[in-house]
Amino acid sequence: MGSRAPDDDAEETSVDLPGSGEVVESNPSGEVSVGERQDHLGSEEIGVEENTPRSGDDAPPQDKRDHRQWIHDRVKGGSRVGDDHPPLRCCTVPPCVSCCPGILEQNCLCESIGRLGVVRPNDRFARKWLMRIGFVTQFAGMLLTAVSCFAISTNYEILSSLGFTRGIIMATNFTSPIEISIGLRAVAINNPNPGRVGAVVVSFDEFCTLTPKSAYHKENMQFDGKKLSDYLNPEHCGECAAVSGSMVVSLFLSVITYLPTLFTDILRMYPNYDANCQKAFGFIFAFFSLGMAINTWFKYRNNCVNSFYDGLVPQDAQGLVLAKAYADEAVSWYDFDWTEGPGLICLLVATYLKIIDIVCHFLLPTPSITRDHREQAEYEKLAQKEETTEPAQAEQV
């Protein structure tokens, strides 16, 4: 009985890549060419369902430490799939992730955060728009926070225009209202009434040195414009100065931490460069920046603004504030009306915009290759085949 020789013109078979929805032609041995695998392998189109069982020799090792080429390529800015990449080198995965991938990328926390999301991880349209929205809101928030930093100034024009809190004071013994603008290091006071010096800036450090006695001293009439006992309780004169330094530091840190979040938003627009750690870092930096802004606001309101009088305040003939029990003996009344200033409004709007960016990161999961060991193994095979074929092609040339 003779044996049948293999037919050189055997009919080609087709391989249906799982989850891709496409059929790729292959040779009779079933091996898919490198170029064909490149078209289908990648975080944006790989489509292999997680937890799909494999058996036999085709099942790759499940030790994720064996398949980290995809991480190294993302760090180097040269992913082997897809042609699009972040426009700036600073928008790629940090080099430290390549040095310690088991700590910074392939751990339960980062992979759990990366898995969170609502949209499909391979939906390029949704990815682009979500991260664009996050980038625009973060960029606008950074500009607004930078504007609020002008409240650190001790210049009268700047402080009166961009202070954190504005106050209008109507007094029964004055014909014109008194305007106050509180910043982060000083307060601008404009008292245009007769016998007052008009527009002045008083540093927080001067609050406790300008006592009622020095303000009323006949030989020191120039202090009348800075008579702070009309505006705040002398017992709380040092509270603004006590928190001024930490408020300024918190505000500066809030601005600086915008840069990593902007770079992360750009990186996550490109699925072939996205990683679990970048989503986790996006959450961390956004929350940290949010916390710094909220910390500045609470310290400012509770420790500084609240030291000023509010509402109706009675004064006696010497200009001293009376307790409510002695309000009947008042000679004059001060009516304080406080509102948020432009600087604080900018900071509050920037704070709300941070929440939008956090939501965008939450809605978008990382590509499946960042968690699926089988896809990582396929990428490893692709990298190895490219490294072996490139020298051969060079020799032929």
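The values are calculated or read from the model by the stated rules, or taken from the named source; none is laboratory data. On a predicted model such as this, the values are computed, not experimentally measured, just so you know. Using ideal geometry, Cβ is built from the backbone for each residue, glycine included, and neighbour counts are taken over all protein chains shown. With ligands, DNA and RNA removed, areas are computed over all heavy atoms of the protein, side chains included. Shrake-Rupley method; radii C 1.70, N 1.55, O 1.52, S 1.80 Å.
No other residue among Thr351, Thr366, Thr370 is under 30 Å from Tyr231 (Cβ atoms) and either open to solvent by less than 30 Å² (accessible area, probe 1.4 Å) or of a type in the set (Phe, Trp, Tyr) (or both) apart from Thr351.
All conditions in (1) modelled with pLDDT of 65 or more; (2) surrounded by 15 or more Cβ atoms within 10 Å (Cβ to Cβ) hold for Thr209, with the sole exception of (2). Here Val119 meets each of (1) more than 25 Å from Ile256 (Cα to Cα); (2) touching a residue at least 40 places away in the same chain (Cβ under 8 Å); (3) assigned to a helix (DSSP H, G or I) with one exception, condition (3). When Val331, Val313, Val305, Val397 are checked against the criterion of being surrounded by 16 or more Cβ atoms within 10 Å (Cβ to Cβ) and at pLDDT below 85, Val313 stands alone in meeting it. Put simply, of Ser79, Ser160 the only residue that is among the small types (Gly, Ala, Ser), buried (at least 16 other Cβ atoms within 10 Å of the Cβ) and not in a loop (DSSP other than H, G, I, E, B) is Ser160. Here the condition is being under 30 Å from Thr370 (Cβ atoms) and surrounded by 17 or more Cβ atoms within 10 Å (Cβ to Cβ); of Gly291, Gly343, Gly282, it holds for Gly282 alone. Just one of the numbered conditions (1) open to solvent by 10 Å² or more (accessible area, probe 1.4 Å); (2) in contact with a helix residue (DSSP H, G or I) (Cβ under 6 Å, 6 or more places away or on another chain); (3) under 25 Å from Ile356 (Cα atoms) is not true of Ser244: (3).
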